[in-house]
Structures are given as structure tokens and as C-alpha cells.
Amino acid sequence: MSKGGKGAGLRSLAGLRSLAGLGLVLALVGAATGCGDDSAAATTTGAAPSTSTTPAPTTAPTTTAPTPATTTPDAPPSSIDLAAARAYCAANGGTVQDRRPYYGTNNDQASWLELGGATEVCRFQTLGDADDSRIYVDLVSLYSEQPTMASVAYLAKPPFDGGTTGGNPATFNCAHLGGSSSFGSGAAGGGWVDEADPIDIIVALCVFPDLSFIDEWGLAYHANGTIRGIDLAPVFRYQPGADLPNIFG
């Protein structure tokens, strides 16, 4: 082989070696790239990660406790028909009044103390006497066909000598019969007030243990034979005749 041919052959061998080396490099690069693709594929085709869903909180239904029924106690039953008793009072010339208890009525009116409660009375002023006398009685005693201590005290006319312990004789008589018209134990006094009354803004009522009452002066005068306001004996619906109970001896 000539030197020129030998040189060309060497150059050809070197070129082949270069091509072989380039092929190896390309193969290595391809392998590396393939590995990267497989990894990506594994990432994208693998099972999707499970996501746990937290259920929305459930609000327990609000329950309202039932409101207990409110009951208003009825007024104590009366032994009579009050509407009929009022009409009866008026039919006999009386006037129905609402009166309220006050303590301290012996003092200046600005210092009176109103107490709880109220009561209805029948006021009679029918005689036309010189004194324009009045008498006051509770509606039950007036209208009931049964006795009350007030009606029996009026009808029985237990003796009254006017004796006192230095105080009001009508108050003394009321206490002697087992009633009371006193307010407290001092001198401030008290009474049943109706500011609309044309004469007697304050009335002293003799109240008995059965809660019946009659004004203490009307009761005291009647025991001594003097009628004030009206004679209640024929007006009371309770008419015992000779069978009047002996309550007061």
C-alpha cells in the first residue's frame, strides 16, 4: 500500500471511531431521556392520591322547651251574684261605691298611706233627715239570704251603753261585738276612702271575722234605737223572723 493509501485508511478508521463514539453518546443520552419519561409517566399515570373529604358539620336542630301554661288564679268565688247585688242596692235607693283602705287618716292627707285591697259598699242616704245621715254595708250582707255577722249585729241590736276607754264609742262597740275598725295601734287612725263621696270621704267600717262589715256609727246608733241612712232591717234579704241566731248573747 502506498503512503497515500495508508494515510487515507487511517483517516477512515479514525472517522469510524468518532462515529462509534458519537453513537455511544447518543445511546446514553437516549437512555437517560427514556428513564426521565418513564418517571414522568409513572407520576401521571399512577393512581390519583385519595383525598379525604371532611363532612360538613351538622347543626343539631334547635329544640325550644315548651313554655309552661300560665294560669291566672280566679278571684275567690262570692256567695252571691255581685251584679244582682249591685242592682239590688240601687233598686232600694242605695249607691254602690268602691272604697280603699288607708292608714294615717287622722294626719294631713298628703301623708296618708294607701294599703292593698279594695271593697264595694252600698251607701244609703234615703231618710232626708236633718243630719243627712248615711249608712254603709257590704253587698253580701245586704243581698245574701243567709246571715252574716254584720247583718245579725244590726238586726239583734245588742245593748250599747256608750262606754269607752277614752276613745271612740262606736269603735269600742264594734270591738265589743268581736269586730274591728282600727288601723294599727297608734293615734294615726285609718279608714275606708272614697274621694268621690260628697260627704264621707272616710268611713270607719266595723269588719267582722267572716269579713262582713257595716259602718260602726250606723251600727252603734241603731243599737240605741236611732236609724241612720235607711232602716236596713226590711232591706236585708236575710229575714230570720224569730229565728235570729244568738251570736252576740
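A short reminder: the numbers here are calculations on the coordinates, not readings from a lab. These figures come from a predicted structure and were not determined experimentally. Neighbour counts run over all protein chains shown; Cβ positions are idealised from the backbone, glycine included.
Odds and ends about this structure:
- Segment Ala188-Asn106, length gained on full extension (0.36 nm per residue, minus Cα span): 29.0 nm
- Highest to lowest packing among 175-181, 88-94, 203-209, scored as the average C-beta count within 10 Å: 203-209, 175-181, 88-94
- Taking 0.36 nm per residue of separation and subtracting the Cα-Cα distance, full extension of the segment from Ile201 to Leu115 would add 29.4 nm.
- When the inverse distances between all different Cα atoms of segment 99-219 are averaged and flipped, the Kirkwood radius reads 15.1 angstrom.
- Nonlocal amide H pairs with Arg123, under 5 Å, H built at 1.01 Å: Thr95, Val96, Gln97
- Charge context of Thr148, other residues only, Cβ under 12 angstrom, K/R +1, D/E -1: -2
- With K and R counted +1 and D and E -1, the other residues having a Cβ less than 15 Å from that of Ala85 yield a net charge of -2.
- Here the spin labels are modelled as points 7 Å beyond Cα on the Cα-Cβ line, and at Asp98 and Ser180 they lie 2.6 nm apart.
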